C-alpha cells in the first residue's frame, strides 16, 4: 500500500487508480464521521461523494500535509455547512458534540501550528529571529526595535519581510486546515 503523500503526487498527475485507492481507503471513514454528526445516511453519502469530486477537481492545486486530517476537517465542514444552509434540525446533544469535537480539533491544530511556528522561528538567522521576537512577542513597533537594536528602520522592515516569508512557507501545508477552522468559527 502506497503512503498518502505518494498517492497525492500521483493524483496531481491525473492518476485515476491513485484516486480510487484514496477513495477506497477513506470514503467509509468519512461517511462514519459525517454520520456521527448528522444521522442521515443519504445526505452523508452525498457529502462524501461531493468531497471526493472536489478532491479530484482540485487535484492540481492540492498542497496537503496530512490527507487524513484534511479530509476529516473537510467532511465536518461540509456537514456543518449543510446543516446551516438547509436549516436541518439537530437535537442539542448532537450540536454540543459537534462543538466539542471542533474545539478539541482546533486546540490540537493550534498546538501543532504553534509548535511548528516556534521551530521555524528558531531556525531564523539570529538578528532576524531577534527582530521578529521583539515585533511579535514584545509588540514593539519597527521604530522601537530599530532604536533598541541601534539599527535603521529599513533594516527592521527588511528582516521582518524575510522572517514572514520564511514562516509563511513553513506553514503552507497547514493552510487548508486553518481555512476550514476559520470557516467553522465564522459559522458559529
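Values in this text are rule-based calculations from the coordinates and carry no lab data. Everything quoted here is computed from the prediction, not taken from an experiment. Positions of Cβ are backbone-derived with ideal geometry, glycine not excepted, and every protein chain shown enters the neighbour counts.
Packing-based ranking of 54-65, 7-18 yields 7-18, 54-65, ordered from highest to lowest mean Cβ neighbour count within 10 Å.
Placing a label point 7 Å from the Cα of residue 1 along the Cα-to-Cβ direction, the residues of region 12-50 whose backbone N falls under 19 Å from that point are 17-33. Ordering of 69-78, 20-29 by packing is 69-78, 20-29, highest average first (other Cβ atoms within 10 Å, averaged per residue). Shown is the FRET efficiency for residue 168 and residue 81, computed with R0 = 41 Å from the Cβ-Cβ distance and rounded to the nearest 0.05: 0.90.
Between residue 123 and residue 41, the simple label model (points 7 Å from Cα in the Cβ direction) yields a spacing of 4.7 nm. Per-residue Cβ neighbour counts within 10 Å put 44, 128 in the sequence 128, 44, beginning with the fewest.
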